[in-house]
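Notes follow the structure.
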Amino acid sequence: MNQKTTIDIIEQQKWLGTAGNAIQPAILKAFEAGGETGNDIKNFLHGTWLGHPLHPAITDVPIGAWTTAAVLDGMELLGEEKYAPGADAAIAVGLVGAVGAAVTGLTDWTGTTRERRKLGLIHGLLNVGATALYATSFFLRRLEKSRGTAIGLSMLGYGVASASAYLGGHLVFGKQIGVDHTATAAVYPKDFVAVLAENKLAENTMQRVEAGEVAVLLARKNGEIFAIAHTCSHLGGPLSEGELLDDGSVRCPWHGSVFSLKDGSVIDGPATEPEPKFDVRVNNGQIEVKLQQTGSK
Ligand code: FES
């Protein structure tokens with residue numbers, strides 16, 4: 001398989017863009033219609049409570065269960081019929097896990113754009129196909145008919161799920177979905193560095209400044225000055241172009257993640273990783289910042 005060409009072909013499909021434009025807002029509207037509860041559910045499914053995307057953790061369930069089923073099916077085909085109930089149970093476990101993976105994946109997909117959204121849509125469609133094959137296989141196994149067909153369908157489902165897993169891996173490692181975009185090779189200042197004259201930061205405003213190699217978001221709210229990393233941890237959005245909210249938080253302009261200015265924590269996803277936070281002081285009329293020594297960056 002020519003991997004680059006396959007990805008390129010998917011990214012060139014206009015119909016995927018059109019479908020994404022229609023489906024994505026509909027899902028976001030459904031969460032919005034649920035009010036605060038809908039927002040809490042959305043944050044839960046993203047994994048903001050976990051500090052890590054929930055979707056990749058849940059995908060281990062169907063992948064592991066269906067791999068187990070493939071091995072046990074193989075043993076059965078070699079004449080070891082005692083493994084058949086184990087294979088059937090593994091397929092059932094995988095089907096339950098597939099539902100969780102689909103719901104969390106669909107939620108993460110609402111926080112993607114352009115090529116990532118197209119690849120994510122194909123990833124999801126392949127998963128639906130694999131799940132349908134496994135569900136049909138499970139149904140045939142329960143009927144205790146057409147055992148050979150049932151095993152064939154689950155093997156086919158395994159192939160489709162593997163192709164989908166490849167795309168999922170590309171979304172993470174190639175398109176950087178689900179990784180912390182504030183984790184950079186740039187050196188965060190461990191000692192105070194001057195970044196802006198204090199009188200240049202007006203009340204209720206925020207701006208981007210440079211602290212050595214890293215971009216920092218400065219904000220002044222209720223007379224207090226705050227500093228967190230300027231790059232959104234979700235997909236790298238510029239936080240200074242977002243919205244400074246009344247409760248002392250900032251909303252990213254790209255997909256709406258909300259971060260506390262006080263400690264950089266995630267208030268609303270799709271982001272799951274907190275923003276690095278900086279200590280702030282005013283020295284000789286200059287705002288100075290240094291990385292707060294709580295994280296690993
Ligand atoms: S880049 Fe997606 S929410 Fe900031």
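Values in this text are rule-based calculations from the coordinates and carry no lab data. Here the structure is a predicted model, which is why all the values come from computation and not from measurement. Cβ coordinates were reconstructed from backbone atoms using ideal geometry, including for glycine residues, and neighbour counts include every protein chain displayed.
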Extended-chain gain in nm, criterion 0.36 nm per residue less alpha-carbon gap, Asp246 and Asp263: 4.5 nm
Which of His181, Leu45, Thr5, positive extreme of dipole for the chain (C-beta unit charges): Thr5
20 Å Cα-Cα threshold exceeded, pairs from Lys14/Lys42; Lys190/Lys277; Lys14/Lys118; Lys42/Lys175: Lys14/Lys42; Lys42/Lys175
Segment Asp60-Leu156, length gained on full extension (0.36 nm per residue, minus Cα span): 32.7 nm
Cα→Cβ-extended label distance, 7 Å offset, between Ala132 and Val187, nm: 5.6
Ordering of 261-274, 79-92 by packing [mean C-beta count within 10 Å, highest first]: 261-274, 79-92
Estimated inter-spin distance, Ala215 and Ala19, nm [label 7 Å along Cα→Cβ]: 3.3
Chain lengthening between Gln286 and Thr113 when straightened (0.36 nm per residue, less Cα-Cα): 58.4 nm
Distance from the range 251-297 to the range 55-96 (C-alpha centre basis), Å: 44
Under 13 Å, Cβ to Cβ, from Ile27 - net charge with Lys/Arg +1 and Asp/Glu -1: +1
Helical segments meeting 15 Å axial Cα length and Kyte-Doolittle 1.0 threshold in the chain (DSSP H): 84-109
Footprinting exposure proxy for Val214, Val250, Val187 (fewest neighbouring C-beta atoms within 10 Å first): Val187, Val214, Val250
Residue of Ser257, Ser146, Ser154 that the Gaussian network model of the chain assigns the largest fluctuation, springs spanning Cα pairs under 10 Å: Ser146
Nitroxide proxy distance, nm - points 7 Å out along Cα→Cβ at Arg142 and Asp8: 4.6
Span from the the range 215-245 Cα centroid across to the the range 11-52 one, whole angstrom: 24
